[in-house]
Amino acid sequence: MVTTLLVVVVILAIAFDYINGFHDAANSIATVVSTKVLTPFQAVLWAALFNFAAYFYFTDHKVANTVAKTVIEHYITLEVILAGLIAAIIWNLLTWWYGIPSSSSHTLIGGFAGAGMTYALITGASPLDAVNMGYVIKIISFIVLAPIIGLVISVVLTLIIINICRNAKPSTAEKWFKRLQLISSAALSFFHGGNDAQKVMGIIATALIAAKVIPNFEAMPWWVPVSCYSAISLGTMSGGWKIVKTMGSKITKVTALEGVAAEGAGAITLGITEHFGIPVSTTHTITGSIVGVGVVKSVSAVRWGVTINLIWAWILTIPVSATLAAIIYAAIYYFK
């Protein structure tokens with residue numbers, strides 16, 4: 001049955017996807033803008049195009065299914081989903097305002113889990129009864145693993161490229177790498193869209209199940225993926241220039257060659273994790289990849305102070321989002 005609350009939840013979920021797009025636009029365009037391959041306006045259009053193109057390829061929705069199963073179905077209500085979304089939107093906007101490239105994925109999952117755990121606590125159950133620990137452990141482990149995988153792949157790609165091109169004329173090599181950056185940034189945007197749009201798809205499908213509009217995840221209607229991919233693409237077109245500056249220049253100075261390696265590593269990592277249905281952070285992945293190309297030059301080429309600040313934001317994202325969601329859900333529960 002379609003209710004006003006369900007409509008509000010769906011609208012907020014799509015709004016979060018839009019915010020996710022401009023919050024995470026930096027992931028796809030930071031290096032291609034910092035190397036001046038594309039202007040900022042050209043870059044966001046390029047990224048948005050490939051964000052949406054992912055809709056036609058990622059049809060198995062493995063990541064969406066993982067997100068949907070984070071909270072046990074018995075503890076999922078529209079109010080739980082509403083509280084999780086509001087918390088996620090608040091944290092995303094705060095980190096965007098201060099130019100902190102935190103994870104939209106973990107914000108959403110943290111908010112969803114925090115609200116579900118609060119519902120369990122209020123109804124006399126253990127908070128841990130509300131979450132599927134197998135899925136949660138997998139998601140949390142990739143807070144660490146995704147940037148490490150991105151870093152390792154970017155180091156390997158950079159070394160391979162340097163060895164292949166060691167006898168190339170620098171000006172010729174630079175020209176070719178600027179062309180290749182169009183491909184690598186497109187690949188990163190493609191996998192970013194495929195990974196991140198699915199997370200909101202999982203939340204909307206869960207809301208439809210909770211409202212008894214659909215019987216199960218497999219019955220998710222066509223408009224859910226279309227609206228999610230459209231929202232994240234439009235959000236990317238809006239850009240997130242404060243975070244672009246952090247990703248494109250504050251971690252390490254990036255050349256066109258390094259941009260290709262970092263974006264390529266990020267795309268490969270996202271492709272692998274999507275294949276296994278793991279909702280990883282695009283932000284964490286590309287940050288690790290950018291650090292990787294910096295490390296190849298020298299350890300001192302990486303601004304470790306900036307990087308450590310980013311890591312703190314990553315660590316805090318899930319617990320802060322969960323706490324916000326807990327407060328919001330408690331308010332909804334006791335004052336409705």
Helix 104-122 sits off the longest principal axis of the Cα atoms of the chain, rounded to the nearest 10 on a 0 to 90 degree scale, by 20 degrees
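In the chain, carbon and sulfur make up what percent of the accessible area (probe 1.4 Å)? Each step should come with its number before you reach the end.
On the way: 10010 of 13760 Å².
Carbon and sulfur: 73 percent of the exposed surface of the chain.
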Filtering chymotrypsin sites (Phe, Trp or Tyr not before Pro) in segment 152-234 by DSSP loop and by at most 14 other Cβ atoms within 10 Å leaves Trp222
With the charge dipole of the chain built from beta-carbon charges (+1 for Lys and Arg, -1 for Asp and Glu) about the Cα centre, the Cα from Leu6, Tyr229, Phe177 projecting farthest to the positive end belongs to Phe177
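Would you rank His74, His61, His284, His275 by solvent-accessible area, highest first, keeping every protein chain in place and using a 1.4 Å probe?
His74, His275, His61, His284
What translational diffusion coefficient, in µm²/s and rounded to a whole number, does the Stokes-Einstein relation yield for segment 4-335 at 37 °C and a viscosity of 0.692 mPa s, taking the hydrodynamic radius as the Kirkwood radius over Cα pairs?
Details: Rh = 19.6 Å.
The Stokes-Einstein estimate is 167 µm²/s.
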Net charge (Lys, Arg +1; Asp, Glu -1) of residues whose beta-carbon lies under 15 Å from that of Ile318, Ile318 excluded, is +2
For the pair Ile327 and Trp223, the simple spin-label estimate (label points 7 Å beyond Cα toward Cβ) gives in nm 3.5 nm
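Per residue, how large is the accessible surface of the chain? Use a 1.4 angstrom probe and give square angstrom. All intermediate terms of the calculation are to be shown ahead of the outcome.
Numbers: 13760 Å² over 336 residues.
Result: 41 Å² per residue.
Run through segment 46-153 and list the chymotrypsin sites (Phe, Trp or Tyr not before Pro) located in a DSSP loop whose Cβ has at most 12 other Cβ atoms within 10 Å.
Passing sites in segment 46-153 are Tyr57, Tyr98.
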So the angle from the long Cα axis of helix 282-297 to the longest Cα principal axis of the chain, reported in degrees to the nearest 10, equals 20 degrees
In degrees rounded to 10, the 0-90 angle between helix 170-210 Cα long axis and the longest Cα principal axis of the chain is 0 degrees
Treating only Lys and Arg (+1) and Asp and Glu (-1) as charged, each at its beta carbon, one finds that segment 4-335 has a dipole about its Cα centre, in Debye to the nearest 20, of 1180 debye
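Past the 28 Å Cα-Cα mark, which pairs from Lys199/Lys297; Lys69/Lys212; Lys36/Lys62; Lys178/Lys297; Lys36/Lys199? Display every interim value, and only then the final one.
Working: Lys199/Lys297 36 Å; Lys69/Lys212 16 Å; Lys36/Lys62 36 Å; Lys178/Lys297 19 Å; Lys36/Lys199 31 Å.
Going by Cα-Cα distance, Lys199/Lys297; Lys36/Lys62; Lys36/Lys199 fall outside the 28 Å limit.
Where does each of Arg166, Arg179 land when they are ordered by accessible area, with a 1.4 Å probe and the largest first?
On the way: Arg166 160, Arg179 120 Å².
So the residues, ranked largest to smallest area, are Arg166, Arg179.
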Of the residues Ala265, Pro127, Ser281, the Cα lying farthest along the dipole of the chain towards its positive end, which is defined by charges on the beta carbon of Lys, Arg, Asp and Glu, belongs to Ala265
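How about segment 1-107: which trypsin sites (Lys or Arg not before Pro) there are in a DSSP loop, with at most 12 other Cβ atoms within 10 Å of their Cβ?
Working: sites: Lys36, Lys62, Lys69; in loops: Lys36, Lys69.
Answer in residue order: Lys36.
The values are calculated or read from the model by the stated rules, or taken from the named source; none is laboratory data. Values in this document were obtained by computation on a predicted structure and should not be read as measured data. Cβ coordinates were reconstructed from backbone atoms using ideal geometry, including for glycine residues, and neighbour counts include every protein chain displayed. Just the protein is used for accessible areas: all its heavy atoms, side chains included, with ligands, DNA and RNA removed. Shrake-Rupley method; radii C 1.70, N 1.55, O 1.52, S 1.80 Å.
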